[in-house]
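Read-outs throughout are calculated quantities, based only on the coordinates presented, and are distinct from any laboratory measurement. Keep in mind that this is a model prediction, so the values were computed, not measured.
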Amino acid sequence: MSADQQDTSKFQIFRAADAKDLMEEGCMTVEPFSPVQRAGMDKLVAAGFMDGDEVKVLVNLPGFSLTHVWFKKDYPLPLHSHDVDCLYYIIAGSIKLGTETLGERDSFFIPTGVPYTYKPGPDGAELLEFRHATHFNFVNLAKGEAFWEKAAAIAAESRADWQTAVRPTLNVQTDA
């Protein structure tokens, strides 16, 4: 049943084991790449880029979606934007966003159309993405060949580690 057909008037449970990959769910459209971006992405994929992430759509209801993202250490996320607002919550690990380092239980908000990227920390990062939409786009803004060359080198160097990586550990704090 598609997100547009789901009944939101009844109680529902969504199991992570049933979550589909982002592209399989069909909720993200990738805007056309320039020839430089296409060639760069082809190099990235050949170097092992697809081993560096796991993105699952946990919930996709009319007007609301929740996505779980696991980016492994040093995953080279291209500068990009989306056509909907997005609120991110870091479950475990850390990211570098601009000059800020964010860790578990930190959040950040990216408004519609704002370009951004971030780098997963030394243990990678697990995040939740909240959107008030069932569909959104990905506009790739990484334009220069230098980014693609560096990203492909990172993917090639990291591929074996990415294939055996384990999720970052959530640091549970207890009050004594």
How many angstrom separate the Cα center of the stretch 125-176 from the Cα center of the stretch 10-68? 12
Fraction of antiparallel bridges per DSSP, the chain only, in percent to nearest 5: 90
Mind checking which aspartates and glutamates have their Cα closer than 18 Å to the Cα of LYS96? Skip sequence neighbours fewer than 8 apart in that chain. ASP53, ASP74, GLU104, ASP106, ASP123, GLU126, GLU129
Highest-fluctuation residue, ALA47, ALA151, ALA39 considered, GNM on the chain with Cα pairs under 10 Å: ALA39
The chain: Cα Rg divided by the 2.2 N^0.38 Å rule of thumb: 1.06
How big is the stretch 58-152 by the Kirkwood estimate over distinct Cα pairs, in Å? 13.9
Gaussian network model of the chain, springs between alpha carbon atoms under 10 Å - residue of ARG38, ARG159, ARG15 with greatest fluctuation: ARG15
Translational diffusion coefficient of the stretch 7-70 at 10 °C, 1.306 mPa s, Stokes-Einstein with Kirkwood Rh over Cα pairs, in µm²/s as a whole number. 113
